[in-house]
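The values are calculated or read from the model by the stated rules, or taken from the named source; none is laboratory data. This structure is a prediction, so every number in the text was calculated from the model and none was measured. All Cβ positions, even for glycine, are placed from backbone atoms using ideal geometry, and neighbour counts span all protein chains on display. Quick note on the areas: whole protein, heavy atoms, side chains included, nothing else; ligands and nucleic acids left out. Shrake-Rupley method; radii C 1.70, N 1.55, O 1.52, S 1.80 Å.
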Amino acid sequence: MTEGIVGPYYAEDTATFQVTHRVRGYEGGQTITLFDAAGRQVFRRRLGKADFYKAVGRDIVTVSAPERPRFIGYHAPSQALVFTVPVGIPDSDVSRICALTLGLDGRVRQLTAGRWTGGEGPDCEVKLLADGTVLNCEELRRPDGTSVRLKKPNATLIAALPLTDTTLFTLYRYGYYREVLGADSLKDYEWVADKHLRNSPNAFVLNTKGQIRQQFCYAGYYEVLDYEVPRRYVWQTHSYYLLDEARGVHVLDKHNPARVTEVRFQQMQRFRKPQRPTEVRFVMGTETARFAFYADPAQPTRLRYERIEAPGN
């Protein structure tokens, strides 16, 4: 029985779909085999569609075409292998990236839902952190079985981005969707912003225990099906730069996550040639604007900038 996201193309019977909402698909799955250095099999694990029902939803899993798992990494202390497995509706943008953790005995330790793609999914990729914590784009799952939930009530998770082995940047949009009746009398949804939180911090630097190291306001994200945060890590300055094309940039110090500095365009010098010998040039942009920035490695928040051609021009 579909909850509505799977359409009549996959109906069990197109003549009765409007009444039964039943969809059909073919059985299938993934097989993961681990061998040792001598070529001997350590384990062989097969996953069927039913293994993903809880994480993704039975209707989407039923019509999905199984895809090859992607290996993310191995954590030696906990002897855990981490993979991602996309599960979605064929010939559509609707998909969910599941995070799968296997032990060296082949047993499934965790199989959790990650981010949705194809509409308002967060800017995030499944990651295995150095301490064995798995970021699945909805929560942090630690090797001891505890977890830190990243989603909040009445808020949309915009981004979840590792900054270091022990810190994470999260970003939210406060509000909720309410059901409305469209002009064609079909059910639709509209976003309702939470006015009480309009000026509240929506960007956070966390450690893997969920403790807040710093918080601030940031509105530079944009949406192309899924959300994106325009950013660049510059290794020469050991800093992350987050672009807000209307205001300037936020500078996050990699070695001191509690240090976040906003540098507005009015505080920057306009770039004039020549480029200074010590300056590092990097480019950030959105759908509507691109900027080149010139940073002094000795003073990461001292920037010059120039606006360059928009994408596609």
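Can you tell me the equivalent ellipsoid semi-axes for the chain? Use √(5λ) from the Cα gyration tensor, largest first, whole Å.
Numbers: eigenvalues 296, 155, 65 Å².
Semi-axis lengths for the chain are 38, 28, 18 Å.
Rank by packing, highest mean first: peptides 282-295, 40-53, with packing defined as the count of other Cβ atoms within 10 Å averaged across residues.
Working: 282-295: 17.6, 40-53: 14.6.
The peptides rank, most packed first, as 282-295, 40-53.
Can you give me the Cα centroid spacing of segment 37-109 and segment 125-178 in angstrom?
Between the Cα centres of segment 37-109 and segment 125-178 lies a distance of 19 Å.
How high is the FRET efficiency from T33 to E262, r the C-beta distance, R0 51 Å, rounded to 0.05? List each step's numbers first, then the result.
Numbers: r = 50 Å, r/R0 = 0.99.
It comes out at approximately 0.50.
Quick one: length gained pulling Y233 to R22 fully straight, 0.36 nm per residue minus the C-alpha distance?
Working: separation 211, 0.36 × 211 = 75.96 nm, distance 4.76 nm.
Fully extending the segment from Y233 to R22 adds 71.2 nm.
Sketch the reach of a paramagnetic label on F71 as a point 7 Å from Cα along Cα-to-Cβ, and name the residues of segment 109-126 whose backbone nitrogen lies under 19 Å away.
Of the residues in segment 109-126, 109-110, 126 have backbone N under 19 Å from the label point off F71.
Quickly work out the V192-to-I5 label distance, labels modelled 7 Å from Cα along the C-beta direction, and quote it in nm with one decimal.
If labels sit at I5 and V192, their model points lie 2.3 nm apart.
Per the chain: cysteines with no other Cys C-beta under 4.7 angstrom?
Cysteines of the chain left without a disulfide-compatible partner: C98, C217.
Would you mind working out the accessible area per residue for segment 88-177, using a 1.4 Å probe, and quoting it in Å²?
Numbers: 3600 Å² over 90 residues.
Here the residues of segment 88-177 average 40 Å² of exposed surface.
To check you understand DSSP bridge types, tell me what percent of the beta bridges within the chain (both residues inside) are antiparallel, rounded to 5.
95
Place a +1 charge on the Cβ of each Lys and Arg in segment 234-313 and a -1 charge on the Cβ of each Asp and Glu, then give the dipole magnitude about the Cα centre in debye, rounded to the nearest 20.
Values: 13 positive and 9 negative charges, 65 e Å.
Charge dipole of segment 234-313: 320 debye, to the nearest 20.
Report the net charge of residues surrounding I5, where surrounding means a beta-carbon distance below 12 angstrom and charges are Lys +1, Arg +1, Asp -1, Glu -1.
On the way: positive: R58, R96; negative: E3, D59, D93.
Overall, the nearby charge balance is -1.
Which value in deg cm²/dmol, rounded to the nearest 500, describes the helix-derived mean residue ellipticity at 222 nm for the chain, given -39,500 (n - 2.57) per DSSP H run of n ≥ 4 and division by the residue count? Walk me through the numbers before you get to the answer.
Details: 3 runs with 14 residues, N = 313.
Computed ellipticity for the chain at 222 nm equals -1000 deg cm²/dmol.
Report the Rg/Rh value for segment 41-172, based on alpha-carbon coordinates and the Kirkwood definition of Rh. Write out the running numbers ahead of the final one.
On the way: Rg = 14.7 Å, Rh = 15.3 Å.
Across segment 41-172, the Cα-based Rg/Rh ratio is 0.96.
Taking all protein chains as present, what is the carbon and sulfur share of the accessible area of the chain, in % to the nearest whole number, probe 1.4 Å?
Numbers: 8180 of 17490 Å².
The C+S portion of the solvent-accessible surface of the chain is 47 percent.
Could you work out the mean projected area of the convex hull around the alpha carbons of segment 169-313, in square nanometres to one decimal? Could you put the intermediate results ahead of the total?
Details: hull surface 47.9 nm².
For segment 169-313, the mean projected area of the Cα convex hull comes to 12.0 nm².
If you take the charge dipole of segment 139-283 about its Cα centre, with +1 on Lys and Arg Cβ and -1 on Asp and Glu Cβ, which of S239, S147, P277 is farthest toward its positive end?
P277
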